[in-house]
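The structure appears right after this line, and notes come after that.
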Amino acid sequence: MKTPCMILLLLFVIGFILWIIPLLIGRRKLIKKGVQETLLTFDDGPSEVTEELLNVLDQCQCRACFFLLGEEMVKRREVVQKILNHGHAVGIHGYSHKHPLKMFFWDQKKDLEKAYQVFLDQGIPVSYYRAPHGAYTWASLFFCKKHDLDIVHWTGLVGDWKLEQEETLLQRLLDLSGPGHVLVLHDGSKGTANPLCKIRIPHLVLRLHEALKDTSAPLGRWEE
Ligand SMILES: [Zn+2]
């Protein structure tokens, strides 16, 4: 093989390794050990649906973890406070929800620090991080290390942002439920295909609760 081709191949291999390592670290399947219930998480909020969702979660006696976007938090500061008042945990999901793999390292670093600053400004301690689109990068790994944040990926993603039948989504959620399993739904339309989809999420959660309540892994409470 000619030298220029070998250099190109080598660069490709190095680039691939640099891309895949943070993705694999961030996406390690997370089944919470010692937890008997199914756990819920909500990404992309707060939104205009959050308060209805909080009422439904109260009915289910379920405590979730909300992965919030900085730019939505500044628009709905009082809703963020309600999430905390209802006993839920919160984590960082970036500021703008731009795809991390489409951003330069420094731009992503800036976006993450901006999100962290919003938590500081609103006086909210935070210890979790989930990457937008589940795309973990070196910038996000360094950010988590710097601020001592635990990465929380998911074990179950059902496509609730797509225009699909509620029955289909419910069945997927049931299939993915189990002791310590972490499901993700969306409390907002950032990065989703159709903003109208989020409207049905509270109803879907209620149905999931009804379907799971007498099983060995009902919806549970997210403990810090
Ligand atoms: Zn998201």
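Laboratory data are not the source of any read-out in this text; all were calculated from the coordinates shown. Values in this document were obtained by computation on a predicted structure and should not be read as measured data. Neighbour counts run over all protein chains shown; Cβ positions are idealised from the backbone, glycine included.
Return the Cα extents of the chain along principal axes one, two and three, sorted largest first, each rounded to a whole Å.
66, 39, 36
Have a look at Tyr128, Gln61, Gly180 and report the one farthest towards the positive end of the charge dipole of the chain, computed about the Cα centre with Cβ charges (Lys/Arg +1, Asp/Glu -1).
Sorting the options by dipole projection puts first Tyr128.
Return the Rg/Rh value of the range 1-102, two decimal places, where both radii are evaluated on C-alpha atoms and Rh is the Kirkwood radius.
1.21
Cα centroid distance between the range 43-63 and the range 120-173, in Å?
The range 43-63 and the range 120-173 have Cα centres separated by 16 Å.
Which value at 222 nm does the chain reach when only helices count, each DSSP H run of 4 or more adding -39,500 (n - 2.57), with the total divided by all residues and rounded to the nearest 500 deg cm²/dmol?
That comes out to -13500 deg cm²/dmol.
So for the pair Gln61, Ile25, with labels modelled 7 Å out along Cα→Cβ, what separation do we get in nm?
If labels sit at Gln61 and Ile25, their model points lie 4.1 nm apart.
Please arrange Ile20, Ile151 by counting, for each residue, the other beta carbons lying within 10 Å of its beta carbon, fewest first.
Exposure proxy ranking, most exposed first: Ile20, Ile151.
Remind me, relative contact order of the chain in percent, using alpha carbon pairs under 8 angstrom and six or more residues apart?
This gives 32 percent for the chain.
Work out from phi, with θ = phi - 60° and the Karplus expression 6.51 cos²θ - 1.76 cosθ + 1.60, the ³J(HN,Hα) of each residue of the range 121-131, listed in order in whole Hz, and give x for Gly and Pro.
With coefficients 6.51, -1.76 and 1.60, one gets 4, 8, x, 10, x, 9, 9, 10, 9, 9, 6 Hz.
Explain nothing, just the number: dipole magnitude of the range 3-212 about its Cα centre with +1 on each Lys and Arg Cβ and -1 on each Asp and Glu Cβ, in debye rounded to the nearest 20.
700 debye
Toward the positive end of the charge dipole of the chain, about the Cα centre and with charges on Cβ (Lys, Arg +1; Asp, Glu -1), which of Gly159, Leu208, Leu11 goes farthest?
Among Gly159, Leu208, Leu11, the one farthest towards the positive end of the dipole of the chain is Leu11.
Report the residue, chosen from Lys146, Lys162, Lys82, that carries the largest GNM mean-square fluctuation when the chain is represented by alpha-carbon nodes joined by springs under 10 Å.
Lys146
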